[in-house]
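Accompanying notes for the structure given below.
The values are calculated or read from the model by the stated rules, or taken from the named source; none is laboratory data. Computed from a prediction, not measured in an experiment: that's the story for all the values here. Ideal geometry is used to build each Cβ from the backbone, glycine not excepted, and the neighbour counts take in all protein chains shown.
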Amino acid sequence: MNTIMRGLLAVALIVGLGALFPSASGAVTKPSGELTVSAAASLTDVFPVIADAFQKRFPGTEIRFNFAGSSTIMNQVIAGAPVDVIATASEPTMRLGVDTRIVARPLLFAKNDLAIAVPAGNPENIKTLTDLQRNGLLLGVCETVVPCGSAAAEMFFNNKLDVTPVTRELDVRSLLGKVISGDLDAGIVYITDVKAAGSKVEFIEIPVKDNVVTTYPLAIVSDSKNTELAERFVNFVRFSTTSQGILRAFGFAKPW
Amino acid sequence: MKILANFTLTKGNFTLDIDTTVSAGTVTAVLGPNGSGKSTLLRVLAGLQLIDSGEIVFGDRVVDAAPSIHVSPQDRCVGVVFQDYALFPHLSVAENIAFGPRSLGASKKEARNVARAQLESLGITELSARRPSQISGGQGQRVALARALATQPDVLLLDEPLAALDAQTRESVRTELERHIKAFTGCVVFVTHDPLDAMLLADRVIILENGSITQEGTPSELAARPATDYVATLMGVNLIRGYAHDGLLQVDGGGVLQISQRSLEGQVLAVLRPEAITLHLTQPQGSARNVWRGTIRALTPMHDRIRVSIDASPPVVATVTHASVAELKLSVGTSIWVSAKTLTIEAFTK
Amino acid sequence: MRIQRAPLFLLIPGLVALLFLVVPLIALIAQTPWEAFPKIISSPEALEALRLSLLTSLAATGLAAVFGIPMAWLLAREVLPFTGLLRALVIVPLLLPPVVSGVALLEALGRRGLVGGFLYDNFDITFPFTTIGVVIATTFVAMPFLIITLEGGFRSLHQRYEDAAATLGANSRRIFFRVSVPMVAPAAIAGLVLCWARALGEFGATITFAGNFPGVTQTMPLAVYTALESDRSVAIALSLVLLLVSVGVLVALRGKYLQTRAS
């Protein structure tokens with residue numbers, strides 16, 4: 001056999017071998033496997049829908065969720081919980097993860113505004129933020145460690161309002177539950193929570209100039225066992241029109 | 001104050017049917033086998049159990065009249081000594097005794113005085129500060145009695161007062177109990193399964209079998225004329241049933257005996273004391289006596305004699321000395337001749 | 001040494017149980033930020049939470065005693081019809097997740113609740129978001145402990161003693177307080193301590209029914225959980241305080257009441 005023939009044979013062998021081991025060649029591959037995503041409580045309704053869309057787009061993938069308060073999920077990840085992606089409702093909380101090198105390169109993917117939730121029928125006839133200062137009104141907020149709560153505190157401070165909440169709930173869903181049941185006259189929650197509750201609750205919009213904005217970052221956890229799929233998911237949430245469309249439908253605004 | 005008790009009470013399959021009177025100031029023993037209803041009867045008299053029908057009268061006061069009237073134990077003025085005494089473990093002996101007077105309204109001081117008096121009267125002053133867990137069975141019985149008497153009841157009820165004691169203690173306690181019972185002015189009704197208690201302590205005995213009274217009378221009446229097998233066994237006598245005619249008793253189940261009561265006719269009961277029977281290895285000769293043959297079924301030692309159970313027509317129990325057993329070389333299965341003088345058989349119509 | 005007399009098949013699992021319960025406590029103590037500890041526990045929030053915890057847990061135990069002791073007696077003597085069913089209902093709060101208990105209490109006593117609605121509309125009385133609400137929530141979850149422990153005690157109390165007291169002229173009140181209750185004292189003490197311990201540690205029902213506000217409804221467990229969201233070392237320090245208070249009381253009681261039992 002002459003040299004040219006040997007050369008062609010060698011190339012054929014390499015290509016053939018390359019075809020046998022597709023991932024080793026570094027070509028574009030189909031994503032697969034499982035992902036565990038820890039997300040803030042206020043993403044409880046929207047994230048599964050986005051995950052469904054992702055799983056339809058990439059069959060063979062499975063996304064599992066863990067919803068809790070932003071600080072709780074960050075603490076869990078720092079303590080070593082086997083999570084692949086984390087999405088918080090607070091940039092400072094995410095920064096904690098960055099500082100401890102638990103997460104890398106967070107991306108802002110959504111934005112949320114506060115609203116005043118009231119029971120169906122608005123029995124106390126609340127129209128503005130200043131109405132919340134009324135004597136005897138049962139107002140509920142979230143604890144300041146919860147993003148919704150710190151946003152509420154900031155909003156009251158900025159607007160120089162003197163309000164006395166009767167409770168500081170540990171997560172926004174519990175707060176909303178008490179508004180829906182009528183045990184609270186009003187609660188400061190996210191506009192997305194209000195939309196999710198549908199007709200069970202009414203809400204009063206807070207004008208943009210008085211409102212405080214919450215931004216949502218999400219990031220890949222450095223210790224993830226499936227960083228490739230994690231990256232796919234993060235990009236999908238942030239950049240795909242499907243995902244942003246879902247977020248819009250639920251009431252989240254663009255973060256930019 | 002006399003007691004009239006005429007009532008029925010049904011619990012599941014068991015019915016208690018009572019119709020009796022306890023005369024004022026007397027001591028009555030209620031004897032019966034286990035499950036006969038003795039304790040239930042006591043509980044009814046104490047007011048701790050409701051009756052289904054009938055009435056109970058203490059003196060001139062109706063304490064139970066089913067279904068409407070029921071005087072509670074608190075208001076009945078009864079003193080009860082329970083089996084195992086039921087002394088309050090968290091109170092001292094003195095406090096136990098003072099409990100009744102205190103409950104009835106006495107001041108702490110008055111109650112303490114009553115307790116002291118009772119302790120003295122029963123000779124147990126030194127136990128005053130002790131807890132029930134720190135005293136013996138015999139002492140407990142006295143404390144229970146003192147506690148019941150401290151309220152000055154009209155009626156004293158005792159449920160198997162000596163049952164919880166060992167044989168030795170029982171003797172001395174029984175004597176003591178006799179003294180206090182006799183000193184008590186009201187009625188005393190006590191329940192026991194030991195006929196000796198009844199014989200020694202009671203003026204009158206009621207036999208309760210399976211919820212009904214089968215015999216009532218003085219202890220000697222019962223011993224002389226037991227009405228049922230149970231009473232006979234209790235009194236330790238042989239009870240023979242049969243048909244009497246012209247001085248001969250045709251025993252139910254086999255055998256003929258000569259009896260001295262020639263005028264008796266018809267179905268009779270006859271009592272033959274075990275001590276009156278003599279045993280022989282060979283057929284004894286002679287007149288004016290009953291002689292029949294049997295086989296020894298069992299030999300039971302008693303404290304100073306031996307009880308010999310004999311299969312025969314009629315079957316009997318005889319008591320003989322240890323010496324006789326040895327002399328005659330008696331053992332289970334030995335063929336033996338039984339002899340009883342005509343005069344020793346007491347026949348009577350029921 | 002008695003340990004040597006214990007058979008191995010009992011000793012080994014027993015020691016494993018001991019380790020299982022004790023090691024996390026040791027770990028907690030080891031993680032305590034000792035330098036910051038005095039500052040943390042003397043902060044107004046911490047003291048407030050501790051005060052609230054002690055106040056409400058004692059109140060809950062008191063309520064449980066007043067209503068639970070008679071209930072235990074009624075169950076033990078089988079006075080009421082359907083005793084078995086009633087006993088099962090009494091145990092329900094033990095089986096429910098505390099948050100569910102809180103929801104149930106809201107449905108019953110909340111502003112629009114079955115009973116709460118009536119009270120609010122007619123008398124302007126509300127329980128959620130009040131300290132009384134905390135007492136209600138903790139009583140609800142803790143009382144069954146007292147009832148079940150004490151029912152066993154009353155059951156084993158022979159009827160004979162109460163009968164004897166009756167024949168001695170005592171009315172039912174005197175019988176109950178002078179005979180029945182003293183005689184079940186060990187079971188009563190155990191039941192009350194268990195009840196108090198449960199009340200002290202109660203979280204889910206409290207936060208769901210009474211809410212979370214410092215000085216009013218934020219008991220120690222709620223303060224700990226809140227701190228956990230922001231500063232874990234504070235949470236651990238507060239937990240340790242709760243632990244020390246509980247252990248202190250239990251040790252003090254053990255000496256006094258287990259001795260009485262033995263005699």
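Restricted to region B:42-55, and to residues that are hydrophobic (A, V, I, L, M, F, W, C) and within 15 Å of C:T167 (Cβ to Cβ), which residue is surrounded by the most Cβ atoms within 10 Å (Cβ to Cβ)?
Initial filter on region B:42-55 (hydrophobic (A, V, I, L, M, F, W, C)): B:42, B:44-46, B:48, B:50-51.
Checking which are within 15 Å of C:T167 (Cβ to Cβ) leaves us with B:42, B:44-46, B:48.
Values: B:L42: 23, B:V44: 22, B:L45: 26, B:A46: 22, B:L48: 21.
Result: B:L45.
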- Working only within region B:297-322, note down all residues that are within 21 Å of B:I345 (Cα to Cα), among the hydroxyl-bearing types (S, T, Y) and assigned to a strand (DSSP E or B). B:S309, B:T319
- Just name the residue that is nearest to the other protein chains (Cβ to nearest Cβ) out of those in region A:163-189 that are at pLDDT below 90 and more than 19 Å from C:T130 (Cα to Cα). A:D171
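Go through the residues of region B:44-65 one by one and say whether even a single one is within 12 Å of another protein chain (Cβ to nearest Cβ) and aromatic (F, W, Y).
Within region B:44-65, none of the residues are within 12 Å of another protein chain (Cβ to nearest Cβ) and aromatic (F, W, Y).
Which of the residues belonging to region B:181-192 are touching a residue at least 40 places away in the same chain (Cβ under 8 Å) and buried (at least 16 other Cβ atoms within 10 Å of the Cβ)?
Across region B:181-192, the qualifying residues are B:I181, B:G186, B:C187, B:V188, B:V189, B:F190, B:V191, B:T192.
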- Of everything in region B:103-134 that's under 21 Å from B:I181 (Cα atoms) and not aliphatic (A, V, I, L, M), which residue is nearest to the other protein chains (Cβ to nearest Cβ)? B:Q118
- Reported set for region C:199-209 where residues are more than 8 Å from chain A (Cβ to nearest Cβ) and in contact (Cβ under 8 Å) with a residue 60 or more places away in the chain is C:A199, C:L200, C:E202, C:F203, C:G204, C:A205, C:T206, C:F209
- Task: Would you tally the residues in region B:56-89 being touching a residue at least 24 places away in the same chain (Cβ under 8 Å) and either hydroxyl-bearing (S, T, Y) or in a loop (DSSP other than H, G, I, E, B) (or both)?
- Result: 14
- Note on the structure: The one condition A:C148 fails out of (1) surrounded by 20 or more Cβ atoms within 10 Å (Cβ to Cβ); (2) at the interface with another protein chain (Cβ under 10 Å from one of its Cβ atoms) is (2)
- Message: Please go through region C:74-121 and give me each residue that is within 29 Å of A:D185 (Cα to Cα) and basic (K, R), ordered by number.
- Response: C:R111, C:R112
- Message: Show me the helices (runs of 4 or more DSSP H) found entirely inside region C:63-125 where at least 2 residues are surrounded by 20 or more Cβ atoms within 10 Å (Cβ to Cβ) and in contact (Cβ under 8 Å) with a residue 40 or more places away in the chain.
- Response: C:98-109
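Only one of C:G133, C:G117, C:G110, C:G102 is within 14 Å of another protein chain (Cβ to nearest Cβ), over 30 Å from C:P182 (Cα atoms) and over 24 Å from the mean Cα position of the chain (by Cα); which? Talk me through it step by step, then tell me what you get.
Numbers: C:G133 fails: over 24 Å from the mean Cα position of the chain (by Cα); C:G110 fails: over 24 Å from the mean Cα position of the chain (by Cα); C:G102 fails: over 24 Å from the mean Cα position of the chain (by Cα).
Within the list C:G133, C:G117, C:G110, C:G102, the selection yields C:G117.
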- When A:T144 is run through (1) under 26 Å from A:L96 (Cβ atoms); (2) outside the structural domain of A:N122 (by TED's automatic domain parsing), the failure sits at (2)
- Task: Answer yes or no: is there a residue in region C:147-166 that is within 25 Å of the chain's Cα centre (by Cα), within 9 Å of chain B (Cβ to nearest Cβ) and among the hydrophobic types (A, V, I, L, M, F, W, C).
- Result: no
- Query: Does B:T28 meet the test of being of a type outside the set (A, V, I, L, M), surrounded by fewer than 17 Cβ atoms within 10 Å (Cβ to Cβ) and under 21 Å from B:R76 (Cα atoms)?
  - Reply: no
- Note on the structure: The number of residues in region A:59-79 that are farther than 22 Å from A:V212 by Cβ and either part of a helix (DSSP H, G or I) or more than 14 Å from chain C (Cβ to nearest Cβ) (or both) is 13
- Message: Among (1) crowded, with 20+ Cβ neighbours inside 10 Å; (2) at pLDDT 90 or above, there is one condition A:N125 misses while meeting the rest; what is its number?
- Response: (1)
- Message: Where the second residue is among the β-branched types (V, I, T) and assigned to a helix (DSSP H, G or I) and the first is within 11 Å of chain A (Cβ to nearest Cβ) and surrounded by fewer than 22 Cβ atoms within 10 Å (Cβ to Cβ) and lies in region C:224-236, which pairs have Cβ atoms under 6 Å and are six or more apart or on separate chains?
- Response: C:A235/C:V224
- Task: Given the conditions (1) among the β-branched types (V, I, T); (2) within 19 Å of C:H158 (Cα to Cα); (3) away from chain C (no Cβ under 11 Å), report the number of the one that B:T169 does not fulfil.
- Result: (2)
- Query: Between residues in region A:84-104 that are surrounded by fewer than 17 Cβ atoms within 10 Å (Cβ to Cβ) and residues that are in a loop (DSSP other than H, G, I, E, B), which pairs lie under 9 Å by C-beta distance while being six or more apart or on different chains?
  - Reply: A:R101/A:S222; A:A104/A:S222
- Note on the structure: Per the list (1) under 20 Å from the mean Cα position of the chain (by Cα); (2) small (G, A, S); (3) within 11 Å of chain B (Cβ to nearest Cβ), residue check on C:S172 breaks on (1)
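Do we find a residue being part of a loop (DSSP other than H, G, I, E, B), more than 30 Å from B:S36 (Cα to Cα), in the same structural domain as B:T342 (by TED's automatic domain parsing) and among the hydroxyl-bearing types (S, T, Y) anywhere in region B:288-296? Don't jump to the end; show me each part of the working.
The initial filter retains those residues of region B:288-296 that are part of a loop (DSSP other than H, G, I, E, B), namely B:288.
Then drop every residue that is not more than 30 Å from B:S36 (Cα to Cα), which leaves B:288.
Among the residues that remain, those that are also in the same structural domain as B:T342 (by TED's automatic domain parsing) are: B:288.
Cutting the leftovers down to among the hydroxyl-bearing types (S, T, Y) gives us none.
No, the conditions are met nowhere in region B:288-296.
Only one of these is within 11 Å of another protein chain (Cβ to nearest Cβ), under 28 Å from the mean Cα position of the chain (by Cα) and closer than 24 Å to B:L162 by Cβ: B:G100, B:G79. Name it. Even if it seems obvious, please write down each step before you answer.
On the way: B:G100 fails: under 28 Å from the mean Cα position of the chain (by Cα).
Matching residue, one of B:G100, B:G79: B:G79.
Out of everything in region B:204-228 that is part of a helix (DSSP H, G or I) and out of contact with any strand residue (DSSP E or B) (no Cβ under 6 Å at 6 or more places or on another chain), what residue ends up being surrounded by the fewest Cβ atoms within 10 Å (Cβ to Cβ)?
Residues of region B:204-228 part of a helix (DSSP H, G or I): B:219-224.
Retained after the next criterion (residues that are out of contact with any strand residue (DSSP E or B) (no Cβ under 6 Å at 6 or more places or on another chain)): B:220-221, B:223-224.
On the way: B:S220: 11, B:E221: 14, B:A223: 20, B:A224: 14.
Checked region B:204-228; the qualifying residue surrounded by the fewest Cβ atoms within 10 Å (Cβ to Cβ) is B:S220.
Could you grab me the full set of residues in region C:175-198 that are touching a residue at least 40 places away in the same chain (Cβ under 8 Å) and within 8 Å of another protein chain (Cβ to nearest Cβ)? Write out each step before concluding.
Kept after step one, since they are touching a residue at least 40 places away in the same chain (Cβ under 8 Å), are these residues of region C:175-198: C:176, C:180-181, C:185-186, C:188-198.
The one that is touching a residue at least 40 places away in the same chain (Cβ under 8 Å) and within 8 Å of another protein chain (Cβ to nearest Cβ): C:A185.
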- Item | Failed item in (1) within 14 Å of another protein chain (Cβ to nearest Cβ); (2) out of contact with any helix residue (DSSP H, G or I) (no Cβ under 7 Å at 6 or more places or on another chain); (3) part of a strand (DSSP E or B), with A:G140 passing the rest | (2)
